[in-house]
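Okay, structure first, notes after.
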Amino acid sequence: MNTRITTAVTMGLREFRRTPALIGLLIALPLYFIGGFMYIVPEATLTIPISGESVTVTLSEFVAALVTPVTAGLLSGIVGLFLMQSSKAADDRLRLAGYRSRDLVVSRVSLLAAGGLIVSAVSLAIVLVGFSPVSIPAFVAATVLTALIYGVLGVIIGVSLSRLAGVYVMLFFPYVDMLLFQNPMATDSTAWTKALPGYFTTKATMDAAFTQGLDLWNFIGAVGYFTVVLIVGVVVFHRVTAIE
Amino acid sequence: MSLLSRYAAGIRASALSFFREPLNLVLLVVLPAASIQIFGVAYGQFPEFGFLNLPASLDATARITGATFATGALAGVLGLFQLISARDADHRLSICGFPALDLLVARFATLVVISLVIAGVSTLTLVGLLSEPVASPLFVFMGLTLVGVIYAMLGILVGAVLPRALEGSLALVILADMDNVIASGIFPIQDRITQLSPTSYGHEVVTRAVLDGELATGELLPALTIVAVLGGLAILAYTHTVEPIVSGGVVQ
């Protein structure tokens, strides 16, 4: 990595460190969302179909497994949205100062990845206190992939829509995608819901949480989905930061 | 200029700054309609589970939840950005001698007007999309307006406490999503928790209006209390935000 990129990433992380309110929110909000859900759901068991098996789990465990990637997706999506909008002016100046578009793309993607990892780490730290997935590494990987996919989607939405529409879409989209469309209880899903960003990651999360066998295709699909949205994101970012 | 004329001018200026953007008008129509339809499709995938104990059919519950979500979340995001964007301008106007009360009335009335518009669009969409007839569209509109105003006040409060767009949006997103799940009644959550959900009473008012055509007076009073409390807090927060700080006679 060249010094231009390391400087841009270091400055971005320093800016993040200087916003204690943001750091506090990234800890408090997952605690409220995940902890709150685990606390408020009634004591009940349910049998859900996961990877062809019928698995009986408590509602609290089920909700914990489901809302962890939702939280990571929601928060990293918003971070991605504002990363793009807030860094636009700085990136324009950096381009004029001699930064190549590639340097900016790598530094912003690195920052986005850092944001996704932080959000995932906090969400996972909270959920793992009260819930033990069958495969913790796979559960962690699926949550991080969700955060990365939605982080890049946040960037794309941040460029494509106004701030008002962007925030509303990021408020709405991860929620309906993972909590409703990809919910394992939604047994009458239509085929097009498989094209949504949460399809592979939610299946991978549920597999890791409740079954012994691990379906690698879910992870391959999620990585593929991330690669596609990343390519789209890079193209969009390149166009936005290009000097006329 | 009389007091009323000043207020009217402020409201018109504030509302026009929002409505003159064609994209904002499109969003006001498209987002509620899309949300109600998507909620309907999404809930339609769930077979009836044993722990669901809903007063309405799953389709009606889904679309009512979509309507309250769209109305609340849109009004909340608008309230948040109104405060963040108006913060500096209103503070300067206040320093220039513009009465803080005029600014406050203009901002809050604009949010109420926008909440009425969103609630109107959501009501029309709900009437159009529900498979069963809506018993009282007027009471549905009232319930949705309540939800919109509650969230507009919440948006202002969040914007006052977290005056940056990123932090404010993060907090509002999590609040709205959590609140929506609790208010929807999808999980039979304990009553004391449900009472903490800002839109649960508004949601109930809308549900009763759709199903029975009655005004749920038992829920209306708590909903109005929430509006009053949040409105009071939002006024305090806004006043604190825009008023010039006077120290030793020097305006800072």
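The values are calculated or read from the model by the stated rules, or taken from the named source; none is laboratory data. None of these values were measured; they are calculated from a predicted model. Note that we place each Cβ from the backbone using ideal geometry, even for glycine, and neighbour counts take in every protein chain shown. These accessible areas exclude ligands, DNA and RNA; they are computed on the full protein's heavy atoms, side chains included. Shrake-Rupley method; radii C 1.70, N 1.55, O 1.52, S 1.80 Å.
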Compute the Kirkwood hydrodynamic radius of chain A, taking the inverse of the mean of 1/r over all pairs of distinct Cα atoms, and give it in Å to one decimal.
18.5 Å
When the C-alpha atoms of segment B:1-94 are aligned to their principal axes, what extent does each axis show, in angstrom, from largest down?
62, 26, 24
Averaged over the residues of A:81-87, the number of partner chain Cβ atoms within 10 Å of each residue's own Cβ comes to 2
Under a Gaussian network model of chain A whose springs join Cα atoms within less than 10 Å, the largest fluctuation of A:41, A:67, A:109 belongs to A:41
How many partner chain Cβ atoms sit within 10 Å of a residue's Cβ in peptide A:14-27, on average, as a whole number?
2
Among A:69, A:42, A:174: highest mean-square fluctuation, GNM of chain A, C-alpha pairs under 10 Å:
A:42
Under a Gaussian network model of chain A whose springs join Cα atoms within less than 10 Å, the largest fluctuation of A:35, A:116, A:224 belongs to A:224
What order do you get for B:110-117, B:71-78, B:18-25, B:125-132 when each peptide is scored by the mean count of other beta carbon atoms within 10 Å, highest first?
B:71-78, B:110-117, B:125-132, B:18-25
Can you run phi through the Karplus equation (6.51, -1.76, 1.60; θ = phi - 60°) for segment B:79-86 and list ³J(HN,Hα) in whole Hz, with x for Gly and Pro?
x, 4, 6, 4, 5, 5, 6, 8
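Determine the sum of side-chain charges near residue A:213: Lys and Arg each +1, Asp and Glu each -1, restricted to other residues whose C-beta is under 9 angstrom from that of residue A:213.
So the surrounding residues net to -3.
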Around residue A:47, under 14 Å between beta carbons, what's the net of Lys plus Arg minus Asp minus Glu among the other residues?
-2
Using protein chains only and a probe of 1.4 angstrom, how many square angstrom of residue B:17 are accessible, to the nearest 10?
60 Å²
For chain B, which longest stretch is free of loop sites, where a loop site is one of the GluC sites (Glu not before Pro) that DSSP puts outside H, G, I, E and B and that has at most 16 other Cβ atoms within 10 Å?
B:49-213
Using helices alone, what [θ] at 222 nm do you get for chain B, with -39,500 (n - 2.57) per DSSP H run of 4 or more residues, divided over all residues and rounded to the nearest 500?
-27000 deg cm²/dmol
Provide B:181, A:223 ordered by accessible surface of protein heavy atoms (probe 1.4 Å), highest first.
A:223, B:181
With runs of 4+ DSSP H residues as the only contributors, calculate the mean residue ellipticity of chain A at 222 nm using -39,500 (n - 2.57) per run, divided by the residue total and rounded to the nearest 500.
-24500 deg cm²/dmol
If I model a spin label as a point 7 Å beyond the Cα along the Cα-Cβ vector, how far apart are those points for residue B:221 and residue B:34 in nm?
4.1 nm
Which longest run of chain A has no exposed loop site in it, a site being trypsin sites (Lys or Arg not before Pro) in a DSSP loop with at most 14 other beta carbons within 10 Å, and the site itself not part of the run?
A:101-244
Using DSSP to define loop residues, name the GluC sites (Glu not before Pro) in segment A:5-74 whose beta-carbon has at most 12 other beta-carbon atoms within 10 Å.
A:43
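Determine the shape class of the protein assembly as shown: with a ≥ b ≥ c the square roots of the Cα gyration tensor eigenvalues, call it rounded for a/c under 1.5, and otherwise prolate if a/b is greater than b/c, oblate otherwise.
Values: a/c = 1.82, a/b = 1.09, b/c = 1.66.
Judged from the Cα gyration tensor, the protein assembly as shown comes out oblate (a/c at least 1.5, b/c at or above a/b).
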Taking each residue in B:31-41, count the Cβ atoms of any other chain within 10 Å of its Cβ, then average. What number comes out?
2
